[in-house]
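The values are calculated or read from the model by the stated rules, or taken from the named source; none is laboratory data. If you're wondering where the values come from, they're calculated on a predicted model, not measured in any experiment. We place every Cβ from the backbone using ideal geometry, glycine too, and count neighbours over all the protein chains shown.
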């Protein structure tokens, strides 16, 4: 599985907003500087997140961006979906919409299982979990498993 730069930047920007104090709007420039994200690229990402209902924006001197909901209620999957669409697709198609024949038929349940596991993990981790460095135990266990960081 490949996480796009767009998704990575979106999650990092959302984490900056989750960690901000007192629900004070943050300027895009401040987020970009804090996370070393190209400012113009971040503006487009924040607009997608706004359209996706994850952030609110306000113009003006006291303006900026803030989360539209508490960080506890926004999953990492929500952020990725807002900027990249479905979490797992094969050639741009969701696995349940695929059709295989012959020896490749068993690929379909494999892709569906992969999609299910990715969704379970990313839907089960909130911005608050990551911002507070308290991942769910089952996610931490997977990350700490022997060989988890070894390239195959």
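Results, tabulated for the structure shown:
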{"read-out": "Checking residue 118 against (1) surrounded by 13 or more Cβ atoms within 10 Å (Cβ to Cβ); (2) farther than 28 Å from residue 14 by Cβ, the condition it does not meet", "value": "(2)"}
{"read-out": "Output for the range 90-103, where each listed residue is surrounded by 11 or more Cβ atoms within 10 Å (Cβ to Cβ), at pLDDT 80 or above and part of a helix (DSSP H, G or I)", "value": "none"}
{"read-out": "Residues of the range 83-129 satisfying the condition of being out of contact with any strand residue (DSSP E or B) (no Cβ under 8 Å at 6 or more places or on another chain), under 15 Å from residue 3 (Cα atoms) and in contact (Cβ under 8 Å) with a residue 12 or more places away in the chain", "value": "83, 84, 87, 88, 90, 114, 115, 118, 119, 121"}
{"read-out": "Qualifying residue in the range 10-23 (condition: closer than 13 Å to residue 64 by Cα, touching a strand residue (DSSP E or B) at 6+ places or on another chain (Cβ under 6 Å), at pLDDT 95 or above and crowded, with 20+ Cβ neighbours inside 10 Å)", "value": "yes"}
{"read-out": "In the range 30-42, the residues that are touching a helix residue (DSSP H, G or I) at 6+ places or on another chain (Cβ under 7 Å) and surrounded by 14 or more Cβ atoms within 10 Å (Cβ to Cβ)", "value": "31, 32, 34, 35, 37, 42"}
{"read-out": "So residue 80, is it part of a helix (DSSP H, G or I), closer than 25 Å to residue 13 by Cβ and in contact with a helix residue (DSSP H, G or I) (Cβ under 6 Å, 6 or more places away or on another chain)", "value": "yes"}
{"read-out": "Matching residues in the range 38-53 - criterion: being part of a loop (DSSP other than H, G, I, E, B), on the phi < 0 side of the Ramachandran plot and in contact (Cβ under 8 Å) with a residue 12 or more places away in the chain", "value": "52"}
{"read-out": "Residue within the range 60-70 that is more than 22 Å from residue 8 (Cβ to Cβ), exposed (fewer than 11 other Cβ atoms within 10 Å of the Cβ), in contact with a helix residue (DSSP H, G or I) (Cβ under 7 Å, 6 or more places away or on another chain) and touching a residue at least 12 places away in the same chain (Cβ under 8 Å) present", "value": "no"}
{"read-out": "Per-region count, the range 123-152, residues within 16 Å of the chain's Cα centre (by Cα) and in a helix (DSSP H, G or I)", "value": "7"}
{"read-out": "Filter pass, residue 56 being on the phi < 0 side of the Ramachandran plot, in a helix (DSSP H, G or I) and either touching a strand residue (DSSP E or B) at 6+ places or on another chain (Cβ under 7 Å) or surrounded by fewer than 18 Cβ atoms within 10 Å (Cβ to Cβ) (or both)", "value": "no"}
